[in-house]
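The values are calculated or read from the model by the stated rules, or taken from the named source; none is laboratory data. This one's a predicted model, so the numbers in the text were calculated from it and none came from an experiment. Here the Cβ positions follow ideal geometry from the backbone for every residue, glycine too, while neighbour counts run over all protein chains shown. We work out accessible area using only protein heavy atoms, side chains counted, and drop any ligands, DNA or RNA first. Shrake-Rupley method; radii C 1.70, N 1.55, O 1.52, S 1.80 Å.
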Amino acid sequence: MKQKEINILILSSYNNIELVNEFIKAKEELNINGKIVTSDMNKNVPTAFIGDKHVYIRHLAKEGADIDIIKVCNEENISLIIPIMDKQLRILCKYKENIEKNTNAKIMISDENVIDIVRDKFKTSEFLKAKGFYTPKIITDEDIDNENYEFPLYIKPFDGGGSIDNFILKNKKELDFFKDYLGKTIIQEFINGEEYCVDIFNDFEGNPITIVPKKRIKAMGGTILEGKIEKNRIIIETMKDLVHNLKPCGEINVDCILVDDKVYIIEVNGRISAGAIFSYKAGASTPKNLYRLLCGEKLKYNEDYINNLTFIKYIKFFLNNGDNVISGL
C-alpha cells in the first residue's frame, strides 16, 4: 500500500480498548505510517495506555470543545475523527463545518438530516414506515388513554442508547411506573422473534461496503456478550435497502428482529457499536476499510467475512499504580 501518514483521532475513547487495538492492527497490517490518538475528558482511562497518544478534549456539550478538537487535529495532523457516542452526534454535526474548514481532518459522521432521523426515535419510526420497512408500532398517549394496546409492550428513553433503561412491560402497573420513572419515553408494541445486531460500513458517499448480521445470544446493557455471525439474506437485503434510502456515512449499527421472513427494524445507531469488534475479527474490518479509503482506494461491496462464527466477549482490566500499568482478564 502507498505510504502516507494517516493519523486517527478517536473521541471519548474511554474503555474501548478493542476498537483502538483494531486500528493499531489495521495500521500495522496495511503498513500505514501514522498514529492512533485517543481522547477523553480524563487522563486516566484504559485507552490512554493503548494508543500512540492520549489527549484531553472537554465534554463536547461545553463551550470551546470544538476549539479543543481543532487544536488537537492541527497539532497531531489528524486525518480522520471517529465519534463513538450517540449523544455526541448532533453536536458534532454542528461542529463539522468549522472543524473540517480549519483542519485537514474529516469527521466520520453522517449528514445532519440523517443524524436527526436516527437520534429521534419518533422520526426513525416515521422514516421507516414511510419507506416501507417493518417496525414496531408506537403506542401514543392517546392509545394509552383509550387502552388501545395489548401487553407486552416495550419502553425505552426517548434519547437513550445502549439499551440502557429499556424494559418489557407486562401489565398496567409496570406501564404506569416506568412511564413516570423514565420521563420522556417511546413505547412500542413488543416484537417477539430472533434478535440481530447488524454492523454496516459505508463509504463517505453512503455506499454499503460490508453488512454483517450478528445473532444475539446473550447481551448486557445493550452490548452483545455472546452471538453468532450469520449471512442471513433477508436481513442483508433489507439493510441494503435501508442504506439506499438513508445514505449514512461510515459505520452504523442496526438492531432488528426477524419474525418468519419479516425484518422488524427496531433502532438505527449512527456510530460504531460496542460489539462491532466481532465483525472486524470475522474479516469485515472497518479500520482497514477506512485506511484504504483515506489512501484513495475505491471500495466495492463485499461479504468477505467468516460466516457462522460464534463469539464470546470477555472483560479486560487495567491497574495503574503510578509507575506501571498491569493488564489482565
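Does residue 84 meet the test of being aliphatic (A, V, I, L, M), more than 22 Å from residue 244 (Cβ to Cβ) and touching a Leu at 6+ places or on another chain (Cβ under 6 Å)?
Criteria not met by residue 84.
What's the number of the only condition in (1) open to solvent by 20 Å² or more (accessible area, probe 1.4 Å); (2) at negative phi; (3) out of contact with any strand residue (DSSP E or B) (no Cβ under 9 Å at 6 or more places or on another chain) that residue 31 fails to meet?
Tallying (1) open to solvent by 20 Å² or more (accessible area, probe 1.4 Å); (2) at negative phi; (3) out of contact with any strand residue (DSSP E or B) (no Cβ under 9 Å at 6 or more places or on another chain), residue 31 fails exactly one: (2).
From 185, 238, which residue is out of contact with any Pro (no Cβ under 9 Å at 6 or more places or on another chain), touching a residue at least 12 places away in the same chain (Cβ under 8 Å) and β-branched (Val, Ile, Thr)?
Numbers: 185 fails: out of contact with any Pro (no Cβ under 9 Å at 6 or more places or on another chain).
On inspection, the qualifying residue turns out to be 238.
State all residues of the range 225-242 that are surrounded by 20 or more Cβ atoms within 10 Å (Cβ to Cβ) and either of a type in the set (A, V, I, L, M) or at positive phi (or both); if no residue qualifies, say none.
Passing the criteria: 229, 235, 239, 242.
Does residue 202 satisfy being exposed (fewer than 15 other Cβ atoms within 10 Å of the Cβ) and either touching a Phe, Trp or Tyr at 6+ places or on another chain (Cβ under 8 Å) or not β-branched (Val, Ile, Thr) (or both)? Give the steps one after another, and end with the answer.
Values: exposed (fewer than 15 other Cβ atoms within 10 Å of the Cβ): no; either touching a Phe, Trp or Tyr at 6+ places or on another chain (Cβ under 8 Å) or not β-branched (Val, Ile, Thr) (or both): yes.
Here the answer is no, as residue 202 does not meet what is asked.
For the range 122-139, name all the residues that are without any contact (Cβ under 8 Å) to a residue 24 or more places away in the chain and out of contact with any Ser or Thr (no Cβ under 8 Å at 6 or more places or on another chain).
Selection gives 123, 126, 130, 132.
Name, by its number, the condition in (1) free of Cβ contacts under 8 Å to residues at least 60 places away in the same chain; (2) surrounded by fewer than 17 Cβ atoms within 10 Å (Cβ to Cβ); (3) closer than 17 Å to residue 258 by Cα that does not hold for residue 216.
So the condition that residue 216 fails would be (2).
Look through 148, 171 and report the one residue that is within 26 Å of residue 262 (Cβ to Cβ), exposed (fewer than 12 other Cβ atoms within 10 Å of the Cβ) and either at pLDDT 95 or above or more than 31 Å from the chain's Cα centre (by Cα) (or both).
Result of the check over 148, 171: 148.
Please work out which one of (1) in contact with a helix residue (DSSP H, G or I) (Cβ under 9 Å, 6 or more places away or on another chain); (2) of a type in the set (Lys, Arg); (3) modelled with pLDDT under 95 is the condition residue 2 fails and give its number.
(1)
Looking only at the range 251-262, count how many residues are open to solvent by less than 20 Å² (accessible area, probe 1.4 Å) and free of Cβ contacts under 8 Å to residues at least 40 places away in the same chain.
0
Residue 159 fails exactly one of the following numbered conditions: (1) in contact (Cβ under 8 Å) with a residue 40 or more places away in the chain; (2) open to solvent by 10 Å² or more (accessible area, probe 1.4 Å); (3) acidic (Asp, Glu); (4) in contact with a strand residue (DSSP E or B) (Cβ under 7 Å, 6 or more places away or on another chain). What is the number of that condition?
Condition not satisfied by residue 159: (4).
Checking the structure you have, find out if any residue of the range 317-329 is at pLDDT below 95, touching a Ser or Thr at 6+ places or on another chain (Cβ under 8 Å), open to solvent by 60 Å² or more (accessible area, probe 1.4 Å) and not aliphatic (A, V, I, L, M).
Taking every residue of the range 317-329 in turn, at least one turns out to be at pLDDT below 95, touching a Ser or Thr at 6+ places or on another chain (Cβ under 8 Å), open to solvent by 60 Å² or more (accessible area, probe 1.4 Å) and not aliphatic (A, V, I, L, M).
For residues in the range 263-300 being free of Cβ contacts under 8 Å to residues at least 40 places away in the same chain and either part of a loop (DSSP other than H, G, I, E, B) or among the polar types (S, T, N, Q) (or both), which is least open to solvent (accessible area, probe 1.4 Å)?
Top of the filtered list is 283.
Tally the residues that are open to solvent by 100 Å² or more (accessible area, probe 1.4 Å) and charged (D, E, K, R), restricting the search to the range 129-140. Give the steps one after another, and end with the answer.
Initially, the range 129-140 is screened for residues open to solvent by 100 Å² or more (accessible area, probe 1.4 Å), giving 129, 134.
In the following step, the residues that additionally are charged (D, E, K, R) were identified as 129.
Here the count works out to 1.
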